[in-house]
Amino acid sequence: MDAIKTWLRRFVNGAALVVVSFAVFGVSAFQSSAQESQVTIALVVEPENLDPCDAPSDRVGKVLLGNIVERLLDRDLSTGQLKPELATSWELVDDRTWRFHLREGVEFHDGTPFNAEAAKYSIDRSMNENIACQIREKFFSDRSLEVTVVDDMTIDVATDIDDPILPLLLSAHVMHPLSVPLDENVRAGGGTGPYRFVDWRAGREIVLERNPDYWGDAPDADRVVFVWRPESTVRTAMVVNGEADLATDISFQDAQSHQEISASFPNAETTRIVYYARPPMTDPRVRAAINYAIDREGLRGTILAPGVEFAKALVRPSVNGHNPNLAIWPYKPDVARALIADAAADGVAVDREIEFIGRQGHFPNVDEFMEAVTAMLNDAGLNVRLRMVEGPQRSQMMRPPYPEEPRLFVDQHDNTLGDAVATLFHKGHSKGRSSLGNDDPYLDFLIDYATQQTGTERTWAWQRAFERLNLALVREALLYHMVGFVAIGPRIDFVPTERTRSEIRLADIKLK
Amino acid sequence: MADKRSHLSARVRGLRVSINHFRVLLAGDAFAFVSLALLVIIIGIAVIGPAYMSDFATALDLSLRNAPPFTDENGWLFWLGADALGRPLIARLIVAAQPTLLIATSAVIAAMLAGGILGLAAGYFGGLADNVIMRMADVLMSFPSLLLAIFALYVLGPSIPAVVIVLGITRMPIYIRVARAESLSIREQLFIESARAAGARRRRIIGVHITPLILPTLLTVATLDFANVMLAESALSFLGLGIQPPELSWGLMVAAGRDYLTSAWWVSLWPGFAILLTALSANLVSNWLRIAMDPRLRWRLERRWGDSDVE
Amino acid sequence: MAEFLGRRALHSAIAMLSLILFVFVIVRLSGNPALLYLPESASDELIREFNERYGLNEPILVQFGRYLWDIAHLDFGMSIRRHIPAIEAVVLAYPWTLFLSGITLVLSMLIAMTFGPLAAYRPGSVFDRSVTVLALFAASTPGFWLAITAILVFAIELGWLPTSGVGGPRYWVMPVAIMMLEITGTTTQVVRGSMVTSLASPYVKAARAKGMPERRVVFVHALRNSLIAAVTVAGDQTRGLINGAVVVETIFGWPGIGKLMIDAIVQRDFAVLQAAVLTTAFAIFLLNLIIDIIYAVLDPRIRFR
């Protein structure tokens, strides 16, 4: 009987849902909803959810970060220093414990107060192993955090390993009210930000409205609508036609043909080519040849934007640990050919077919980029075959166990933390999850050492690690620090920053 | 035996008559004539072109990136313009013709063979085999082919053989239906009865008596289907689930040009035209063929598959 | 007739079950969804944990059994990406595809019902041949290519229509037009073919002999007979429409079921994908049944085995 009742209830619910969906459709299908102080933003894809936990994902972060949810503290891009957001000050209590004083008089969108309890709850939820949480998985997978409420407006955060840059890592945590369930991922939750979540018309748009009780300066736009279109051309045209005010991830050619509305910014991604530690790439001459064979200058301004910078390390110069003394490999196809021929003479299997793995839609013009690089590598005497795969498939290939077949990957890395630890541990250390089977005890030692240090010693140690990685081992072919483009409509003022790739601060959008 | 021989010679005579008849019909239909000529030219280009053009089609020249069409400055190869890597579009269109046509042809042939055999078996043996095969065809038929293809390609991974197999499978039901209906009607005819009475083996009856009779019908369906399969392959490649670079196909070329719509419209326009032209030619030829052939066939094709239940 | 419909219903059920199995197997074969859901740097332990939470590491038969049970309970599971019940995502997307397809179908039927008979009236005439060539032209045009070209011309260059998305009536023009392209040609051809036969049939001749006005003969008597062909082809076109919807919705950012499926496939969102596929299949099987009924009503002479 119960089963039948359950079934019936579900059936009725289902029927109600159908009715509602048609009603929603009927109301919204033939009307357009433009408003005076509304800003429309065209993204590439729909975020899968707006769970605070997934804020580190670019797609989610663009809508969520700094708009709906805020952090305890934030990194100032120009100085690299931490600055207060929902915490007004912080200090070291003992070796592994930090104390945070919270901002007074802040309310969540649901009217509940922001206090020590809510801050503890937010961090605890992110660290909760029962839910999928990108904050934990990206930044805290190697440790646990102990949060204690000191008084109503103060918390202590303790970690179980020595880490002098804990506050920096903690800037990944976002604050949300107790109404977001602890043991469940949510479609969308509230926060303290200048905008609150209003409506999500699945597949169509996400609507935010200005939070009238915001603690900081009130932003300009009353209402912000996010839509998504996969083609750069279409997004650009939307801004040209006035269908959207801001479009992200515009391709270089679209930005060029619409210079009056486009703006470029360094997008924090660094592009490189990496490989499994498999022959022929186990031979240092082959690794050097790959670096010599790529015409970095030729690709710049043709397939990639003229504004891309040659990379000396996998992190941007603004990241702690970047080594400015490393050289950029020149384009020397003759040397590359000679090195390959030399290796071949010594019996290195240079004619072995190497799969060159690219990800569909990885960055604008990725297909052309891949084809061009493939041609350059084959020209040097390698046997490279291009293969485009989807994101998840590529991720699977880049994690152990690694097959015997040699593979090259185009990879992009984005260090939003500002310290090389977020780069070198995962990509360089033999215990890192993206080391692709390359390991080197000395590099491991340098990374382990740097992790324990602060100040100039930490910077120095990271620089040595980059030297080991790129100069002695040649573990990758570093290519460019990329630039991104946005299209900005005539109704608004907006200046993209290094961060625009992972978050769009709506408060920075000024209506003209 | 005598019955069979006279039957076959009647077929041959009929064929000769109809070839003559076709020639007359073809001369009378300017559209069909032009289409056939065009199709022959396109196939000819697809067969011999790549041997001469593949070097040009893959040679990068970033200085000629997105070179505009209709100018002789860069040589005749660039008369239709160049793509984002400065490769001449004429050469790329010619080289892409081969895989595009080859995939469509292989998929049609695979579907025809597999579907024909299954349909023949269903029609001839009846009973359980018939039921199982027809239900299978139902499932395949009733579900949107593009979705089936997308699913399957996701498992197999996008590659040329996978695209051929998947497209072949999705087009199979038509051939199953046609072959089944044909063999059902032929099975009851006098010459089969007499062959059976004369002690001919089942395999022989199917191979010698039935197959030659249903083959022309299947071939006609195949010509009709060719354009559809080509369009399906192009759509799959366009969606990123079909042919992958550095392989070439016209659908993929359209997809590549999508990123340059406003800056270099020619990159996606020409391959789209190539698809349109080829599909249109194939459709016009098969339409003409259909009219020229037995009008019964048209009926069978236009009727819904479910109507094998309807006599 | 009841027996006929019962048999068809049974066939549909069997087909439905095969499809459920097919979908289930193929989706499990396609790789580990945990890898998509979790970030690139996720540890093996996290993946294991994830698999456990979503029952992905149980024996495949247990997974399938549970899945069937859930379907019977109208429970398609939670979308692991969207954090909402999968059925909700699907149900919200359906109206968009339904109306897009419906409008397309009605418009293309109207065109077919007008031009088909006119072409059939004098087979081989210039008008007839033009209609045929136009129909073939439409059927030969790659929809995806025309769609992006139309965006370039009408939205980007001329600015007459919005590039994509949904909203006012202007947003419907391009998607419907491209969808129509896919099916109008075939429908017209089928109606024409059926009309040629109808017009040659004895009862049309009889109607003419009685002195009935020619327009009435063609558009009432003969056309009614051709309705069967039209209804039949409309059923077939539904599948074509879903195929078209995948492409059109993807290009125009239309929040329908086709785009939902493509998104789900790219994201490997099990629950949404399966819910979408199974409900679509169910809808199509149901539609076939309805067409069978219409068929029986329109032509009582049809003898059911």
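The values are calculated or read from the model by the stated rules, or taken from the named source; none is laboratory data. Note that the coordinates shown come from a computational prediction; the quantities given were computed from them, not determined experimentally. Heads up, the Cβs are rebuilt from the backbone with ideal geometry, glycines too, and the neighbour counts pull from every protein chain shown.
Take the residues in segment B:256-270 that are at the interface with chain C (Cβ under 8 Å from one of its Cβ atoms) and in a helix (DSSP H, G or I); name whichever of them is surrounded by the most Cβ atoms within 10 Å (Cβ to Cβ).
The qualifying residue surrounded by the most Cβ atoms within 10 Å (Cβ to Cβ) is B:SER268.
Under the condition of being surrounded by fewer than 19 Cβ atoms within 10 Å (Cβ to Cβ) and among the basic types (Lys, Arg), which residue from segment C:166-205 is farthest from B:ALA227 (Cα to Cα)?
By that ranking, first place goes to C:LYS205.
For the structure I just gave you, tell me whether A:ARG491 is surrounded by 20 or more Cβ atoms within 10 Å (Cβ to Cβ), at pLDDT 90 or above and of a type in the set (Lys, Arg).
So A:ARG491 does not fit the description; no.
Looking only at segment B:150-163, count every residue that is modelled with pLDDT under 80, assigned to a helix (DSSP H, G or I), crowded, with 18+ Cβ neighbours inside 10 Å and more than 9 Å from chain C (Cβ to nearest Cβ) and tell me the total.
Total meeting the criteria: 1.
Kindly indicate the residue of segment A:387-434 that is buried (at least 21 other Cβ atoms within 10 Å of the Cβ) and of a type in the set (Asp, Glu) and also farthest from the other protein chains (Cβ to nearest Cβ) among those meeting that condition.
Result: A:ASP419.
Of all residues in segment A:385-425, count the ones that are of a type in the set (Val, Ile, Thr) and closer than 13 Å to A:ILE273 by Cα.
The number of residues fulfilling the criteria is 1.
Return yes or no: is B:ASP138 at pLDDT below 80 and buried (at least 19 other Cβ atoms within 10 Å of the Cβ)?
Yes: the conditions hold for B:ASP138.
Name the residue that is modelled with the lowest pLDDT, counting only residues in segment A:95-112 that are closer than 17 Å to A:ASP151 by Cα and β-branched (Val, Ile, Thr).
Within segment A:95-112, the match that is modelled with the lowest pLDDT is A:THR97.
Could you check segment A:162-182 and list, in sequence order, the residues that are surrounded by fewer than 18 Cβ atoms within 10 Å (Cβ to Cβ) and closer than 25 Å to A:GLU107 by Cβ?
A:LEU178, A:SER179, A:PRO181, A:LEU182
Does C:ARG82 qualify as being buried (at least 22 other Cβ atoms within 10 Å of the Cβ), modelled with pLDDT under 80, under 29 Å from A:PRO181 (Cα atoms) and within 14 Å of chain A (Cβ to nearest Cβ)?
Yes, satisfied.
Under 6 Å by Cβ, and 6 or more places apart or on different chains, what pairs join a residue from segment A:434-448 that is under 23 Å from A:PRO406 (Cα atoms) with one that is among the polar types (S, T, N, Q) and surrounded by fewer than 19 Cβ atoms within 10 Å (Cβ to Cβ)?
Every condition considered, the pairs that remain are A:ASP439/A:SER430.
List the pairs whose first member sits in segment C:182-204 and is at positive phi, whose second member is modelled with pLDDT of 80 or more and buried (at least 24 other Cβ atoms within 10 Å of the Cβ), and whose Cβ atoms are under 7 Å apart, counting only residues at least 6 apart or on separate chains?
Between residues of segment C:182-204 that are at positive phi and residues that are modelled with pLDDT of 80 or more and buried (at least 24 other Cβ atoms within 10 Å of the Cβ), there is no close pair.
Report every pair of residues separated by at least 6 positions or lying on different chains whose Cβ atoms are under 9 Å apart, first residue within segment B:100-115 and more than 25 Å from B:ALA181 (Cβ to Cβ) and touching a residue at least 12 places away in the same chain (Cβ under 8 Å), second surrounded by fewer than 17 Cβ atoms within 10 Å (Cβ to Cβ) and basic (Lys, Arg).
none
Out of segment A:328-341, which residues are aromatic (Phe, Trp, Tyr) and over 8 Å from A:ALA293 (Cα atoms)?
The one that is aromatic (Phe, Trp, Tyr) and over 8 Å from A:ALA293 (Cα atoms): A:TRP329.
What about C:LEU289, is it touching a helix residue (DSSP H, G or I) at 6+ places or on another chain (Cβ under 9 Å), surrounded by fewer than 19 Cβ atoms within 10 Å (Cβ to Cβ) and touching a residue at least 60 places away in the same chain (Cβ under 8 Å)?
Yes; evaluated as a whole, the condition is true for this residue.
Please give the number of the condition A:ASP222 fails out of (1) out of contact with any Gly (no Cβ under 9 Å at 6 or more places or on another chain); (2) buried (at least 22 other Cβ atoms within 10 Å of the Cβ).
Among (1) out of contact with any Gly (no Cβ under 9 Å at 6 or more places or on another chain); (2) buried (at least 22 other Cβ atoms within 10 Å of the Cβ), A:ASP222 violates only (2).
What is the residue count in segment C:210-261 for residues that are of a type in the set (Lys, Arg), closer than 22 Å to C:THR187 by Cβ and over 17 Å from the mean Cα position of the chain (by Cα)?
The qualifying residues number 2.
Residue-wise test of (1) basic (Lys, Arg); (2) under 29 Å from the mean Cα position of the chain (by Cα); (3) away from chain A (no Cβ under 14 Å).
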position: B:GLU73; (1), (2), (3): no, no, yes
position: B:GLY86; (1), (2), (3): no, no, no
position: B:LEU93; (1), (2), (3): no, yes, yes
position: B:SER106; (1), (2), (3): no, yes, yes
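Cβ-Cβ below 6 Å, separation at least six or inter-chain, first residue in segment B:208-235 and in contact (Cβ under 8 Å) with a residue 60 or more places away in the chain, second acidic (Asp, Glu) and buried (at least 23 other Cβ atoms within 10 Å of the Cβ): which pairs?
Taking only residues 6 or more apart or on different chains, the pairs are B:ILE214/B:GLU182; B:THR217/B:GLU182.
Could you tell me which residue of segment C:143-165 is surrounded by the fewest Cβ atoms within 10 Å (Cβ to Cβ), considering only residues that are touching a Pro at 6+ places or on another chain (Cβ under 9 Å) and under 29 Å from B:PHE226 (Cα atoms)?
C:ALA147
So how many residues does segment A:342-355 have that are in contact with a strand residue (DSSP E or B) (Cβ under 6 Å, 6 or more places away or on another chain) and within 17 Å of A:ALA288 (Cα to Cα)?
2
Residues to consider are B:ALA129, B:ALA122, B:ALA181; find the one that is farther than 21 Å from B:LEU241 by Cβ and crowded, with 24+ Cβ neighbours inside 10 Å.
On inspection, the qualifying residue turns out to be B:ALA122.
What tally of residues in segment A:208-231 results from selecting those that are in contact with a strand residue (DSSP E or B) (Cβ under 8 Å, 6 or more places away or on another chain), within 14 Å of chain C (Cβ to nearest Cβ) and either over 15 Å from A:VAL63 (Cα atoms) or charged (D, E, K, R) (or both)?
Of the residues in that region, 1 qualify.
Within segment C:264-281, identify whether any single residue is buried (at least 24 other Cβ atoms within 10 Å of the Cβ), of a type outside the set (Phe, Trp, Tyr), under 30 Å from C:LEU152 (Cα atoms) and modelled with pLDDT of 75 or more, and answer yes or no.
So far as segment C:264-281 goes, yes, one or more of its residues are buried (at least 24 other Cβ atoms within 10 Å of the Cβ), of a type outside the set (Phe, Trp, Tyr), under 30 Å from C:LEU152 (Cα atoms) and modelled with pLDDT of 75 or more.
State yes or no: is A:ASP245 within 13 Å of chain B (Cβ to nearest Cβ), farther than 22 Å from A:GLY418 by Cα and touching a residue at least 40 places away in the same chain (Cβ under 8 Å)?
It is false that A:ASP245 is within 13 Å of chain B (Cβ to nearest Cβ), farther than 22 Å from A:GLY418 by Cα and touching a residue at least 40 places away in the same chain (Cβ under 8 Å).
With (1) at pLDDT 75 or above; (2) more than 22 Å from A:ARG187 (Cα to Cα); (3) away from every other protein chain (no Cβ under 11 Å) as the list, and C:TRP69 as the residue in question, which single condition is left unmet?
(3)
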